[in-house]
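Student: Sharing a structure, written as structure tokens. Questions coming.
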Amino acid sequence: MNSNAEPHFVTLSLDGEWDFTYQADPGEELQPPAKEAFDCRMPVPAYWDDHHDRLEKSEFWSRDCEFNPFRPIRFPLGQGKPPDCSLPWLIGTGWYRKCFTAPSDTSLARLRIGGAVMDVTVFVNGRWVGTHEGHLTPAVFELGPHLSAGGENELILAVSNRRGGRASTVIRGYKGRSAGIYDSVTLHCASTRVDDLYIRSGDEDTLHWQVRLAGADQACTVDYALYDADGGVVLSGEESVSGNSLAWQTAAEDVICWSDRQPNLYTAVVEIRGGDRILDRLTQPFGRRSITTDGHKILLNGQPVFLRGYTEHAYFPLTCTPPRDKRSYRENIRVLQSLGFNYVRFHTWAPPTPYIEACNELGMLVQVEAPNGFSDDEWEELLATYRRHPAVVLYCCGNETTLDDAMLDRIEDMGRRCHSYVPDALFCPMHAMKRVDWGLAPDDPGVVTEPFPHHPERLERIQTFSDVLAPQKGPLGIAAVIDDTSLIERRMSVYRRPVLVHEMGIFDTYIDLDLENRYLDTRIGPGLYTAAREYLQREGLHKRAPRYYANASRRVAALRKAYVEKVRLLNPVA
């Protein structure tokens with residue numbers, strides 16, 4: 001690396017204040033509003049619903065807003081499944097406008113919107129550029145042909161949360177589809193660009209490097225280096241450019257492995273150089289690790305590892321939406337690690353940037369999961385976004401979706417893409433395999449009842465393309481402890497893959513009304529507790545509430561203890 005060379009690329013941050021307006025339903029053919037319609041300001045990154053004070057004096061706020069059907073919690077809740085808790089959130093399209101001066105060279109100008117809920121459409125100087133659908137991955141657009149190089153440019157972003165068809169914990173519940181641009185917006189300009197870097201462990205102490213370029217020619221070279229936490233160079237080298245895709249191997253004996261117990265993290269840097277000019281640079285974290293399976297075991301760096309996991313449901317009482325500060329995630333992860341956890345399943349979502357960085361740094365193993373109703377593009381974007389993070393060891397296609405023949409065909413295709421694109425990660429087809437080993441009647445065609453009702457033909461097919469399985473009622477079940485260890489082992493015998501127990505220990509319990517004040521200054525508010533307290537008072541039961549809570553807590557603690565002890569008896573890493 002030539003640290004003294006002057007970079008010939010520029011990255012503009014477009015974060016900060018943007019002109020803003022809103023339309024409840026602008027129609028299918030989006031047309032940017034007139035300049036004078038942008039009558040308030042909105043920060044980026046931010047969510048609209050955190051800044052109603054900025055919207056209240058706008059023209060649209062008085063009568064043209066649409067909100068979700070809001071149902072406050074009231075008791076009793078009926079005899080069926082209770083509704084999601086929710087708050088009011090604004091539905092429609094938010095229009096963001098910013099003017100900026102473009103660099104003198106915009107031949108390769110890439111706009112990157114780090115994240116938005118849910119869909120983003122881009123206009124530059126009045127011309128449509130493109131649309132990105134999805135709320136979990138960055139939206140990237142090529143702006144080069146549309147920009148006025150060296151001159152003033154108008155950028156308009158239309159962010160819409162109207163589209164349904166997605167089920168994800170990060171866009172349901174209290175926060176719902178609270179919309180906005182939740183991560184940074186940047187414009188990167190270069191004449192030649194490094195688009196992607198992927199490094200993985202190979203056999204016999206090697207690292208496999210893959211780089212994708214744009215606009216490169218044979219006069220260019222690629223310099224690469226790996227730095228340790230103190231900034232020391234661990235390895236470095238140079239590769240000749242023969243096209244826009246490069247692949248090579250290096251020795252890895254000086255690179256210490258990353259794991260949940262020793263999260264040794266490095267910084268990888270790739271530069272494309274033309275003569276003594278640095279044309280572009282890409283920097284990202286790297287951790288050397290392998291993740292494989294052997295029968296019912298998962299092997300991290302060749303050694304058995306037992307995934308002691310919790311489910312991340314995107315529950316953030318203060319903000320409802322995921323916070324942006326890494327400190328809060330680091331604090332939470334350290335507490336969970338102190339309790340023995342080493343793995344987190346992101347239930348139908350994926351961690352935002354500060355969250356995944358904290359997992360990398362502290363050694364928390366991660367499962368990324370597509371939302372129910374995901375598209376092929378969303379799946380591939382998840383793979384491309386998270387394969388650079390050593391913490392991510394598992395990819396999953398969703399939660400409790402019925403696995404009929406058509407869905408099995410699709411999941412098998414997703415598994416092939418995962419193994420091809422991220423060969424150093426494991427594939428889980430679905431959390432809770434409905435119509436495979438639960439949700440079946442004993443007399444359904446193809447179902448056998450021993451050692452529990454399941455569809456052996458479908459299960460066998462799934463095992464041919466999956467690394468890990470997550471049954472709902474398999475060895476342990478979701479909400480009941482099986483006392484007979486031999487029965488657990490017989491149930492386990494139908495699986496030829498490591499098994500993750502799906503949502504183990506989700507038990508109903510009473511709430512602690514003494515926690516009501518904890519929610520006073522949060523976006524969620526104390527409504528759930530207030531409603532429960534008022535109902536118990538009407539029924540003359542409020543004085544018994546502390547006893548109900550204490551007894552429910554003892555019951556749940558005993559059940560969870562029994563679960564853990566049963567798992568230990570199975571000796572999962574022996």
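Student: Percent relative contact order of segment 420-574, based on C-alpha pairs within less than 8 angstrom and at least six residues apart?
Tutor: Rounded, it is 19 percent for segment 420-574.
Student: Quick one: net charge of His146's neighbours, Cβ under 11 Å, K/R +1, D/E -1?
Tutor: -1
Student: Grab the beta carbon distance between Arg74 and Val564, set R0 = 51 Å, and tell me the FRET efficiency rounded to 0.05.
Tutor: Result of the calculation: an efficiency of 0.90.
Student: Would you calculate, for the chain, the mean residue ellipticity at 222 nm contributed by helices, counting each DSSP H stretch of 4 or more residues as -39,500 (n - 2.57) and dividing by all residues, to the nearest 500?
Tutor: That calculation yields -6000 deg cm²/dmol at 222 nm.
Student: Computed on alpha carbon atoms, what radius of gyration and Dmax characterise segment 431-547, expressed in Å?
Tutor: According to the Cα coordinates of segment 431-547, Rg and Dmax are 21.0, 58 Å.
Student: Debye calculation, C-alpha points only, no solvent: report log10 I(q)/I(0) for segment 507-574 at q = 0.12, 0.15, 0.16, 0.25 Å⁻¹, in the same order as the q values.
Tutor: Reported log10 I(q)/I(0), two decimals: -0.48, -0.63, -0.67, -1.07.
Student: On to the next question. Equivalent-ellipsoid semi-axes (√(5λ), Cα gyration tensor) for segment 362-418, whole Å, largest first?
Tutor: 22, 12, 9
Student: OK, next. I'd like to know how segment 205-273 sits against the 2.2 N^0.38 Å rule of thumb: what's its Cα Rg over that expected value?
Tutor: The value comes to 1.23.
Student: Here's something else I'd like to know. For Lys57, which lysines qualify as cross-link partners when the Cα separation must be under 21 Å and same-chain residues fewer than eight apart are set aside?
Tutor: Lys35, Lys98
Student: Projected onto the charge dipole of the chain (+1 at Lys/Arg Cβ, -1 at Asp/Glu Cβ, origin at the Cα centre), which of Met42, Ile411, Ala470 gives the Cα projection farthest towards the positive end?
Tutor: Toward the positive end, the furthest listed residue is Ala470.
Student: Which lysines have a Cα less than 24 Å from the Cα of Lys561, not counting those fewer than 8 places away in the same chain?
Tutor: Lys297, Lys473
Student: Tell me, what is the 1.4 Å probe accessible area of Glu59, in Å² to the nearest 10?
Tutor: The accessible area of Glu59 comes to roughly 150 Å².
Student: Another question about this same structure. Among 105-113, 454-462, 71-79, how do they line up from the highest to the lowest mean number of other beta-carbon atoms within 10 Å?
Tutor: My ranking of the peptides, most packed first, is 105-113, 454-462, 71-79.
Student: Okay, next question. State whether segment 297-338 is rounded, prolate or oblate according to the following rule on the C-alpha gyration tensor (a ≥ b ≥ c being the square roots of its eigenvalues): a/c under 1.5 gives rounded; otherwise a/b larger than b/c gives prolate, and the remaining case gives oblate.
Tutor: Because a/c hits 1.5 or more and a/b exceeds b/c, segment 297-338 counts as prolate.
Student: Over the Cα atoms of segment 117-263, Rg to Rh with Kirkwood Rh, two decimal places?
Tutor: Result: Rg/Rh = 1.06.
Student: Would you mind counting up the charge near Val222? Only other residues with Cβ under 14 Å from its Cβ, with Lys and Arg at +1 and Asp and Glu at -1.
Tutor: Combined, the nearby Lys, Arg, Asp and Glu give -3.
Student: Need one number for segment 320-445: average projected area of the convex hull over its C-alpha atoms, nm².
Tutor: One quarter of the hull surface, i.e. the mean projection, equals 9.3 nm².
Student: Moving on. How much of the calculated P(r) for segment 34-189 lies past 28 Å, in percent of all Cα pairs?
Tutor: 29 percent
Student: Along its principal axes, what span do the Cα atoms of segment 35-111 show, with the longest given first and each in whole Å?
Tutor: 66, 31, 16
Student: What value does segment 401-442 have for Rg/Rh, both radii from Cα atoms and Rh as Kirkwood defines it?
Tutor: My calculation puts Rg/Rh at 1.06.
Student: Give me the percent relative contact order of the chain, please, defined on Cα pairs under 8 angstrom at least 6 residues apart.
Tutor: Relative contact order comes out at 11 percent.
Student: Could I ask something else about it? Antiparallel DSSP bridges in segment 386-508: what percent, to the nearest 5?
Tutor: Within segment 386-508, antiparallel bridges account for around 10 percent of the total.
Student: I've got another one for you. Based on the Kirkwood radius over alpha-carbon pairs, what value in µm²/s does the Stokes-Einstein equation return for the translational diffusion coefficient of the chain at 25 °C and 0.890 mPa s?
Tutor: Taking Rh from Cα pairs, D becomes 93 µm²/s.
Student: Right, another one. Once you keep just the Cα pairs under 8 angstrom separated by 6 or more residues, what percentage relative contact order results for segment 368-439?
Tutor: Contact order relative to length: 38 percent.
The values are calculated or read from the model by the stated rules, or taken from the named source; none is laboratory data. As the structure is a prediction and not an experimental result, all values here were calculated from the model. Note: ideal-geometry Cβ built from the backbone for every residue, glycine included; neighbour counts use all protein chains shown. Calculation scope for accessible area: heavy atoms of the full protein, side chains included, ligands and nucleic acids excluded. Shrake-Rupley method; radii C 1.70, N 1.55, O 1.52, S 1.80 Å.
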